[in-house]
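The structure appears right after this line, and notes come after that.
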Amino acid sequence: MNVSKRNTLLFAAAIVAFAVFAALMIFGFVFTADSGESLLPAGLQKTIDVQKKGDVFYISDDSKALSAYENGELIWETPLTDRTSDVVAVSGHIVVSYVSERNIDVFSAQSGEKLKSFEVPYQVLSIDADATDLYIAAKKGGLKGSVIYHYADYLGEAQDTALSLSNVISDIKIHPQEKILYGLSTDYNIYTFAKSGGELNGELYASVRYEPLALGFSGEYLAVADTVGTVSVFSGKELVRTIDAGMTLCAFAAEPALDYVAAANISGSGFVMNVQTGGVRKISVPTEVQNITLSEDGLLIFSEYRDFKTQCYEYGSLDALLFFGWAKYVAVVLTILSLGGAVFGWFSIGEKRRAGLHKQLHRFKVGFIKSWKSYAFVLPTFMLLGLFMYVPTVWGLILSFFDYVPGVYTRPVGFENFVAVLQDPFFTGGIGNMLIFLVTDLFKALVPAVLIAEFILALNSKKAQYWVRVLIYIPGILPGVAVLLIWTKGIYGEMGLFNSLIGLFDGKGVDWLGNDNTALLSLILIGLPWVGQYILFYGALMSVPDSYKESAKLDGCTWLKSILYIDFPMIRPQLKYVFIITFINSIQDFGRVYMTTGQISATNIPALQMYMTLNSGSGYGRAAAMGMLLFILVFGATLINLKAQKTESNF
């Protein structure tokens, strides 16, 4: 096979590989980004809890309503007296308890009609029900313990029995076969409750090592989760195994028809644990999950109350989900490599392109061999720049298209972050303040510094020039934080210079930094008289040849015209340098606002909003989008400045 055919085949293989890996990458990101919303009825808002019985979803929401959906269609909706704390779906009816109300309501599963209502005198902690029995665990006031209420035939005559306890039963579940109630106590014990002689009696069943969270039945096992992150699995009264999630837990659920349980922690990690083998699968879920539902057909539903996010998984698709969770990143690397191979192949299959490529490679080789010492000295600098500057910039660009929580989940959201940023009133509202700071910062960095340098240079005595430079430079030794403290406390403070002067005339002090009318101007005045980079301009002015000024003086040029037509053109490179640095620093500088006025609307700027969003804990993607918009602004202004400088140099 000749070289031309070989290169053509390699180019074709690279193209095919690129297409395959790119498709795998796209499919992986799309597949893992699916939050399972397609498994739920469309249009749900502010969901608190989701229960599934057969093909019907029973959903409670923050608008104090209970709804039933079948095949995506709303069957019925009924109002509730409060937000729900527990929803139990039983064949034929739904049992609901509330966050604040001390009553338990029973609704028809077919029509949503309220069938029964039970009121207890204490705060309801947990409920459970089957076709005939209803149990309620309620907490007595103070440290007095709890009460277990049992209603037999609760849809009929509802014979009730109560058992008062000195300890607090936080979670209860009815055994699906034995019909015995199991209760989890805050004293780290598990109790069973059964009716004997017309009375409800309790018996110690087992104990756990750590603070208990919830219990449930999985197949023939009793599973008990604790807040530390351990799930204890009991068969009878024997502890058969413990499963460690490796993280603290905030929610737990089990289903008697399944051999696995589900749990979640506050940071957005979910766990699916097989009670028979002890295997653990880690999945991504919303942060601060409050309710978990396991349906008999293997649907896992995680509901979060704070932001009303709901995540759904089908148990049968977890293996594929976990595989694509890491395979998509491998596909990204392979896509980039195959694209590089395709580009190289493109240059190798044509005579002219191949000759041009060889020529460029030969030129680079000769230049590298000739100047390898220079490259060796420069290489560490570029490596550090790449590691600490370019990589974070590229990573920030990537993050701007994701909903990202470090160590928890990474979910692609497309341009949603950018849309949210442009709709954020704090970000867009701060643009005007940013422009005001930008204009004033440029003025303060250029005009006073140049004038001070000119005034120093105008002094006839070299000794006087020296001491003036020293006296002006000394304040610049102070750290920036110390300068801010001097201005905020010593000048703008309640007993500061300005208010003391006002007090001399029996005036009322002003909150200079807290008042919307004065805060912006107060920040602008910080640093007065803004000597800034005067030493740079002084050095540049010293390099202007005296012959230019002497010739101008002979021609009748005044001192002011000499500055405008001789000094300014000669120090133009320094002026542009200070302009660019000040432009960048002004847009990025949120420290002066954060340390003085905080996030008030009168002084808020986009950079501060980016910082606050980043430190919210779950706004990395949105903060990255803000950073990208600011980067585009700064980069565009820099390019325009450099282009103007290049254009001027051509004349």
Residue list for the stretch 292-310, restricted to those being modelled with pLDDT of 85 or more and not in a strand (DSSP E or B): Ser295, Glu296, Asp297, Gly298
Whichever residue in the stretch 366-380 is part of a helix (DSSP H, G or I) and open to solvent by less than 80 Å² (accessible area, probe 1.4 Å) and, among such residues, is modelled with the highest pLDDT: Pro380
Residue among Ser166, Ser170, Ser207 that is under 19 Å from Leu134 (Cα atoms), surrounded by fewer than 20 Cβ atoms within 10 Å (Cβ to Cβ) and either touching a Phe, Trp or Tyr at 6+ places or on another chain (Cβ under 6 Å) or not hydrophobic (A, V, I, L, M, F, W, C) (or both): Ser170
Yes/no for Gln276 being in contact (Cβ under 8 Å) with a residue 60 or more places away in the chain and either open to solvent by less than 20 Å² (accessible area, probe 1.4 Å) or under 28 Å from Gln177 (Cα atoms) (or both): no
Breaking point among (1) surrounded by 11 or more Cβ atoms within 10 Å (Cβ to Cβ); (2) of a type in the set (Gly, Ala, Ser); (3) part of a helix (DSSP H, G or I), for Gly514: (3)
Strands (runs of 3 or more DSSP E) lying entirely in the stretch 70-162 (those with 3 or more residues that are surrounded by 13 or more Cβ atoms within 10 Å (Cβ to Cβ) and of a type in the set (Val, Ile, Thr)): 84-90, 93-98
Unmet requirement for Tyr221, which otherwise passes all of (1) under 21 Å from Val88 (Cα atoms); (2) open to solvent by less than 10 Å² (accessible area, probe 1.4 Å): (2)
Spans of helices (runs of 4 or more DSSP H) in the stretch 538-651 with at least 3 residues open to solvent by less than 90 Å² (accessible area, probe 1.4 Å), among the hydrophobic types (A, V, I, L, M, F, W, C) and at pLDDT 80 or above: 572-588, 606-614, 620-649
The stretch 132-168, residues that are under 46 Å from the mean Cα position of the chain (by Cα), under 25 Å from Ser91 (Cα atoms) and not aromatic (Phe, Trp, Tyr): Asp133, Leu134, Ile136, Ala137, Ala138, Ile148, His150
Conditions (1) free of Cβ contacts under 8 Å to residues at least 60 places away in the same chain; (2) surrounded by fewer than 17 Cβ atoms within 10 Å (Cβ to Cβ); number of the one not met by Ala320: (1)
Residue list for the stretch 381-405, restricted to those being under 15 Å from the mean Cα position of the chain (by Cα) and open to solvent by 50 Å² or more (accessible area, probe 1.4 Å): Trp395, Leu397, Ile398, Phe401
Gln123 vs. criteria within 21 Å of Gly202 (Cβ to Cβ), without any contact (Cβ under 8 Å) to a residue 24 or more places away in the chain and touching an Asp or Glu at 6+ places or on another chain (Cβ under 9 Å): no
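The values are calculated or read from the model by the stated rules, or taken from the named source; none is laboratory data. Just so we're clear, the structure is a prediction, and the values are computed from it rather than from any experiment. A quick note on method: Cβ atoms are made from the backbone with ideal geometry, for glycine too, and the neighbour counts reach across all protein chains shown. The area values use the complete protein model at the heavy-atom level, side chains included, leaving out ligands, DNA and RNA. Shrake-Rupley method; radii C 1.70, N 1.55, O 1.52, S 1.80 Å.
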